[in-house]
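The values are calculated or read from the model by the stated rules, or taken from the named source; none is laboratory data. Source: prediction; values computed, not measured. All Cβ positions, even for glycine, are placed from backbone atoms using ideal geometry, and neighbour counts span all protein chains on display. Side chains included, ligands, DNA and RNA excluded: accessible areas come from the protein's heavy atoms. Shrake-Rupley method; radii C 1.70, N 1.55, O 1.52, S 1.80 Å.
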Amino acid sequence: TLVLLLTAAPNAFSQAFGDKGYSARASALGRSVVSLTNDPVLVFYNSAANGGSDRPSVLTSYTSLYPGIADANFNFITLSGIYPLSNLGVVGLGVTQFSPTGWAENVIVGNFSSKMLTDDLLVGGSVKYLHWKSDAPKGENAVPEPGLAYNGISFDLGASYILREVMKENDIRFGLSLQDINQPSGAANGSAGARLPFRISAGASYISRTYNYVIT
């Protein structure tokens, strides 16, 4: 797969719950993956991407962040899966785990996607449960106080459309993803300065079925 283009990142308000590497392929392609389909990791990128899937699929990923730092446990683990419900659509589930020393951060994504009006158009939506907690301060001079914790909910929407036979055995697929539409605050006190940014990602893929390649 060749990466040519596509993604514009808005100014981020919060660093919590960011993409730390859901899979090697997705990280290499950047947010152009919003135009791809039939991959469990896409539950994190485009709510509609798996609406045309006809078989169950599961993906796991392990990313070691900052491997030169010892005893900090900067490891990011993901698990995602999709399951078709006959002609009704496809349900998806994604879970992440990031727990460096003194901190824990988790995201659980529930996703539903399906064909809309025609086999060429896929639509979908996701609900995300967001959670983090921090340990209480430690050490001889630490001020005694409890650790902090946060629980929040966020929503995504997505669409995917394929333009078939632009040339013989060649298609173009377009993807659009709206993420964190409600812009929840990622702070325990609900601070507006810690709101997750509303992100819009768009992508296109040129698909050759003759030679089995994709350009995104």
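Key figures for this structure:
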{"item": "Mean shadow area of the chain, taken as a quarter of the surface of its Cα convex hull (nm²)", "result": "13.9 nm²"}
{"item": "Computed [θ] at 222 nm, helices only, for the chain once each DSSP H run of length n ≥ 4 contributes -39500 (n - 2.57)", "result": "-500 deg cm²/dmol"}
{"item": "Backbone HN-Hα couplings from phi across the range 148-157 [Karplus 6.51/-1.76/1.60, Hz, Gly and Pro as x]", "result": "9, 8, 9, 9, x, 10, 9, 10, 10, 9"}
{"item": "Whole-percent carbon and sulfur share, accessible surface of the chain, 1.4 Å", "result": "60 percent"}
{"item": "Under 26 Å from LYS133, Cα to Cα: lysines that are on another chain or at least 8 residues apart", "result": "LYS20"}
{"item": "Net dipole in debye of the chain [+1 Lys, Arg Cβ; -1 Asp, Glu Cβ; about Cα centre; nearest 20]", "result": "280 debye"}
{"item": "The chain, accessible area per residue, ligands and nucleic acids excluded (1.4 Å, Å²)", "result": "54 Å²"}
{"item": "Isotropically averaged projected area of the range 36-119, using the convex hull of Cα atoms (one quarter of hull area), nm²", "result": "5.9 nm²"}
{"item": "Relative contact order, percent, the chain [alpha-carbon distance under 8 Å, six or more residues apart]", "result": "22 percent"}
{"item": "Protection-proxy order for peptides 192-200, 41-49, 150-158, each taking the mean of Cβ atoms within 10 Å per residue, highest first", "result": "41-49, 150-158, 192-200"}
{"item": "Top positive-direction residue, dipole computed over the chain with Cβ charges, set GLY21, GLN183, SER160", "result": "SER160"}
